[in-house]
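The values are calculated or read from the model by the stated rules, or taken from the named source; none is laboratory data. Model, not experiment: these values are computed from the prediction. Glycine also receives a Cβ, built like all others from the backbone with ideal geometry; neighbour counts cover every protein chain displayed.
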Amino acid sequence: MRYYLAMIFLIGLMACQQKQDIATDQKAVENTLQKFFEGITNYDYELLRFQCTAHFVLIEHGLWWNMDSLINVMKPFEGKEKTTYTFEDMKTTIEGNTAWVTYKNHGMSVMGEQETKYDWSESAFFRKQNGVWKMTLLHSTQTGSR
């Protein structure tokens, strides 16, 4: 009888640990996403690269960009334009060493005196590499501008 009680206790303990690990991973994945967009906002190319795998792909407006092409598109706007991002309806799923996030992204772009607001529906895919979550794919569909 003690054996069965001990087994039930251990199984319950393991289930609690798995829930904690998933919650920790969800926060880490969402932090990676936040840091990626912080890198865009601040034109911090090292921060951008650190958040992504070596084979990162961004698909936006029918275009496929890797990290180098994304940075090349950003560079002409550095010091002239700043976009800040806010997220809502974020749903994060963890399965082993992979994760994906779906969310709505709202951007506010300021260039000189002109302000433009954008809305996107986005999904991002992540891999855990050496214990660190990295974004490997970001798909973005613009849903409007205001």
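Numbers for the structure displayed
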read-out: Pairs with Cβ under 6 Å, 6+ apart, first in the stretch 20-46 and of a type in the set (Ser, Thr, Tyr), second assigned to a helix (DSSP H, G or I); value: TYR45/ILE71
read-out: In the stretch 69-93, residue surrounded by the most Cβ atoms within 10 Å (Cβ to Cβ) [restricted to those that are among the basic types (Lys, Arg) and in contact with a helix residue (DSSP H, G or I) (Cβ under 9 Å, 6 or more places away or on another chain)]; value: LYS82
read-out: Residue in the stretch 43-68 that is modelled with the lowest pLDDT, counting only those that are surrounded by fewer than 13 Cβ atoms within 10 Å (Cβ to Cβ) and of a type outside the set (A, V, I, L, M); value: HIS61
read-out: The listed residue being of a type in the set (Gly, Ala, Ser) and in contact with a helix residue (DSSP H, G or I) (Cβ under 7 Å, 6 or more places away or on another chain), out of GLY39, GLY62, GLY112, GLY96; value: GLY39
